[in-house]
DNA sequence: TAAAAACGTTGATCCAGATCAACGTTTTTT
DNA sequence: AAAAAACGTTGATCTGGATCAACGTTTTTA
């Protein structure tokens, strides 16, 4: 399990992890299994963990006044799940994150992060690279959200994250794209013909 | 001029800038004036500068096939203008940034950033804090874009950045919010009564 | 293995917000 | 000072995608 995380870090930062780094990571991250439908965090919680997805699939969403889920992020293998703002600043999260498949995670607590990792150079580099990437992606998603038609959003997702279509049902993809399942169904029917 | 930038940095990072830091900043950043309607960057450019707004107002946008502007970000005093992804990675920017008011900027070149600043601890801290903030804001804006009605978007902007309404005309605000100027005009009329 | 969820599709209808158009006012340019 | 942009408003109309509803199929649960 830990090798997935090591590989992920090594492929993200410039210098490879040392034996000591790897030993430390192995000690501090601990495995956590989530069954389908189990929550990782719930709205109102302060998010005290960051979770690396070794296996499985999760979704992050809010629930509005009518009970409707609005999905903001989808996570599969080698993604980080959590609410970074809540984790970093300590504010309550507005999000739910739950497992859509049975999942295996590697979790680090806020305490361990702060006390044992936050000063290590490989961690700051990892954190900076991932935050920057996240920010670039969000800028593109915001622009898409405001300018593309439903069909264009669908096509863009097929180009950027085709894996999602293998891992999540259509109603979840639809919500992630900011449209209804009916609209996505109609678009798929229409584009299949082309 | 430079004092605005010094003040901004000091209020963003934990430790205050030293005399040496301030001297270096004063040497490396240079003043640039933009007249109303002048471009800071244009689509297709590689963005080789980062600009701190000392005075004025700018907008960042794309232009679609029909010639319509889609505004993604608005900048006023003490904001950073530029395309960070293009600046950092060297890819061509899809955005235009131009001055909506005559503006005074403090600009740093990519070369100077890389060679003279990027290893300084106050710069990495500044960069990390700003990137993280940016990312948190974008997440909220994406969520708002996908879940709020036009009226709710308007009210949220009044709460978060009321200054914008003093500095930009309604058609620019409307585009920033992802709606037409007519819709914004009708919303304002309706909410004024309440 | 039967019942119940979850999922995907299709049709009918509705509506928030876009589009198109015209016009008055204010600001900028010459 | 006149002409031209830029700006904001209002009305009429249109439409992309939402909503509501029903139904068949697949998967999960008891």
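Any read-out appearing in this document is the output of simple, stated calculations on the displayed coordinates, not a laboratory observation. Being a predicted model, the structure only gives us computed values, none of them experimental. All Cβ positions, glycine included, derive from the backbone under ideal geometry; neighbour counts span all protein chains shown.
Descriptive notes on the structure:
- Label points for residue A:27 are taken 7 Å from Cα along Cα→Cβ. From this copy to the others they lie 4.3 nm apart, shortest first.
- Per-residue average of Cβ from other chains inside 10 Å of A:146-152: 3
- Between 0 and 90 degrees, the angle of helix B:2-12 with respect to the longest Cα principal axis of chain B falls at about 80 degrees.
- For residue A:27 and residue A:121, the FRET efficiency from 1/(1 + (r/R0)^6), where r spans their Cβ atoms and R0 equals 22 Å, is about 0.75.
- Per-residue mean of foreign Cβ neighbours for A:125-132 is 3 (Cβ atoms of other chains, 10 Å radius).
- FRET efficiency for residue B:66 and residue A:70, using Cβ-Cβ distance with R0 set to 30 Å, rounded to 0.05: 0.50
- Those residues of segment A:60-74 whose amide nitrogen sits under 16 Å from the label point placed on residue B:155, 7 Å along Cα→Cβ: A:64-66
- Label point 7 Å beyond Cα along the C-beta direction, distances from residue A:102 to other copies (nm, shortest first): 7.0
- A crude spin-label estimate for the pair residue A:16 and residue B:12, with each label 7 Å from Cα along the Cβ direction, gives 3.6 nm.
- Distance from the Cα centroid of segment B:18-37 to that of segment A:122-139 is 27 Å (rounded to whole angstrom).
- Protection proxy ranking for A:37-47, A:73-83, B:40-50, using the average of other Cβ atoms within 10 Å per residue and placing the highest first: A:73-83, B:40-50, A:37-47.
- For residue A:156, label point 7 Å along C-beta direction: distances to other copies, nm: 1.7
- Global form of segment B:28-126, assessed from the alpha-carbon gyration tensor, a/c cut-off 1.5: oblate
- The protein assembly as shown shape via C-alpha gyration tensor axes, a/c threshold 1.5: oblate
- Between segment A:142-163 and segment B:155-194, the alpha-carbon center distance in angstrom: 26 Å
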